[in-house]
Amino acid sequence: MRKRPRVALLIETSTSFGRGLLKGIGEYLRPRAGWSIFLQERSFEDPFPSWIRSWRGEGIITRLKHGPHAQELLSLGLPIVDVRYQEPDLGLPAVHANQFATGRLAAQHYLDRGFRHFAWYGPEPYNWAEHRRKGYVEAIHEKNLSCVGFPGRWADLAGPGWEEVVAELCGWIKNLPKPIAIFTSHDIRGLEVLEACRRLDLAVPEQVAVLGVDDDEILCNLGDPPLSSISTNIERIGYEAAALLDRLMGGEARPLAPLLVPPLGVTLRASTDTTAIEDDAVARACRYIREHACDGIDVDQVVQQTGLSRRALERRFQRWLKRTPKSEIHRVQIQRVKDLLLHTTCKLAEIAAITGFQHVEYMSFLFKKKTGQTPGQFRRLKERPQHGSVPEPEPDPDTSAYEAAAGDDD
């Protein structure tokens, strides 16, 4: 019987990043014979574990904060894989996120939306932040456009307070050209930018679009509006680190360079869900729609916010967004319906009332027209089995009366 290799995971359990790595390692191990895992609850700030010096195992995956301990780990003579992005090279086989590609992806996300003004906010003096910035700026410069930066400071126990940090951000953001696309070093920085925009009464994303990194769902959904963010494919990093360690423990030679895992993509939330709009009237209309679509507003109420005639506003909407004001109202409503279907157990009638529809049948008809699925089908595709009994799915309402008048939507 094959002996299970003993593997120590020196990875923090206190952060979403660390838990994502552990999940990826578990995904690798699930269809295989498995390891005997040595894992302790720890934070990223915890010191080097003294027990590791006398430990007799077969391999280690490490994300230690302090680089000098690399030599102690190497002295153990064990296969080791590092999953912390750091410089200089610690002399350990490594699997990292491709930070440069992450920055380029951020730039492309904004370029695809027509932005012409770009900014970067990242006060961390770390190489991972600098590589994200370099990728972002390089991709923008390739289009003969420019990017302004604001290193700023970040709030911590020894530095400036959070209020001071946000006040400095306000002073910077208010003088930027609008609409502006701001890329931040990670999600916490994105939340700081969103707070500064709120204090300045700047519309996000119409005047200021904000994009973070790490796609921490809990953090991103604390934003007002929720923060778009790039997923650095953390679970894949954990998976590839486990695969590399397995090969090293099997006698394979260590790779000459770190394995770089490309970003998974942008998780689109409201903070970048826009096209760059240099028309003030259209931007005001979009902001009003974003804030009030689920209150049951109509196009005439939107027109009143702009000082334009309905026909003029519709022409400008077509120019900038390639859709009508009514379509934009419905788009925002349907996005909210999706969110409620995915993250709540509300009945369809409750969802219709929350999102501004007078009739659940019309909401269901419009949802199917826009998504190709009924609300019930959409919810069932996202459901996961739970412990105990699974409740019967709610049937979709009869929408035949609205389907007969399908041309009346836009």
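Values in this text are rule-based calculations from the coordinates and carry no lab data. Treat the numbers as computed from the prediction; the structure is a model and nothing was measured. Don't worry about glycine lacking a Cβ; one is built from the backbone with ideal geometry, like all the others, and counts go over all protein chains shown.
Data overview
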item	result
Ranking of Y362, Y126, Y28 by count of other Cβ atoms within 10 Å, fewest first	Y126, Y362, Y28
Option label - semi-axes √(5λ) of the Cα gyration tensor in Å computed here, alternatives (i) 30, 27, 21; (ii) 45, 29, 17; (iii) 54, 31, 18	(ii)
Cβ-based net charge around L264, under 10 Å, with every Lys or Arg adding one and every Asp or Glu removing one	-1
Student exercise, region 91-181 dipole from Lys, Arg, Asp, Glu Cβ charges, in Debye to nearest 20	420 debye
Footprinting exposure proxy for D279, D300 (fewest neighbouring C-beta atoms within 10 Å first)	D300, D279
Order of I80, I140 under a 10 Å beta carbon neighbour criterion, fewest first	I80, I140
The chain: relative contact order in percent, alpha carbon pairs under 8 Å with at least 6 residues between	14 percent
DSSP bridge orientation in the chain - percent antiparallel, rounded to nearest 5	10 percent
Nearest-20 debye value, the chain charge dipole, Cβ charges on Lys, Arg, Asp, Glu	1000 debye
Percent RCO, i.e. relative contact order, over region 280-408, from Cα pairs under 8 Å lying at least 6 residues apart	21 percent
Kirkwood Rh in Å, taken over all unlike Cα pairs in region 280-408	15.9 Å
Under 28 Å from the Cα of K3 - lysines, other chains or at least 8 residues apart	K23
Positive-pole candidate from S146, P395, A276, dipole of the chain, charges at beta carbon	S146
Candidate lysines - alpha carbon under 29 Å from K134, same-chain residues fewer than 8 apart omitted	K65, K143, K174, K178
